Amino acid sequence: MITIDGSEYTEEDLSETGKLLANRIFSQRERLIQLKIELQELEHLIMFHAQQIKAEMAGEPEASDTEVSED
């Protein structure tokens with residue numbers, strides 16, 4: 001089943017082309033979720049490495065929360 005603009009469609013409602021497009025939508029949604037997770041992971045890695053640089057520059061063994069910006 002797929003919902004588009006509030007209307008629900010079952011597999012029986014869809015043509016063969018509709019079924020293919022619905023499957024493509026499902027695949028794209030899965031990929032979007034994977035990319036969001038990857039984005040979060042990359043943001044955490046960037047923050048971790050920035051904290052490591054900050055700690056190294058301050059002579060500290062470990063850094064706390066740090067914001068990073070590209071200049």
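Only the coordinates and a few stated rules stand behind these numbers; no lab work does. All of these numbers come straight from a predicted model, not from anything done at the bench. All Cβ positions, even for glycine, are placed from backbone atoms using ideal geometry, and neighbour counts span all protein chains on display.
Estimated purely from DSSP H runs of n ≥ 4, each contributing -39500 (n - 2.57), the mean residue ellipticity at 222 nm for the chain is -22500 deg cm²/dmol once divided by its residues. Candidates 50, 37, 25 compared by Cα position along the dipole of the chain: farthest toward the positive end lies 25, with charges placed on Cβ. Give me the net charge of residue 30's neighbourhood, meaning all other residues with Cβ under 14 Å from the Cβ of residue 30; Lys, Arg count +1, Asp, Glu -1. For residues surrounding residue 30, the net value is +3. Here the scattering of the chain is modelled by Debye summation over its C-alpha atoms, one equal scatterer each and no solvent; at q = 0.11, 0.20, 0.23 Å⁻¹ the log10 of I(q)/I(0) is -0.52, -0.86, -0.98.
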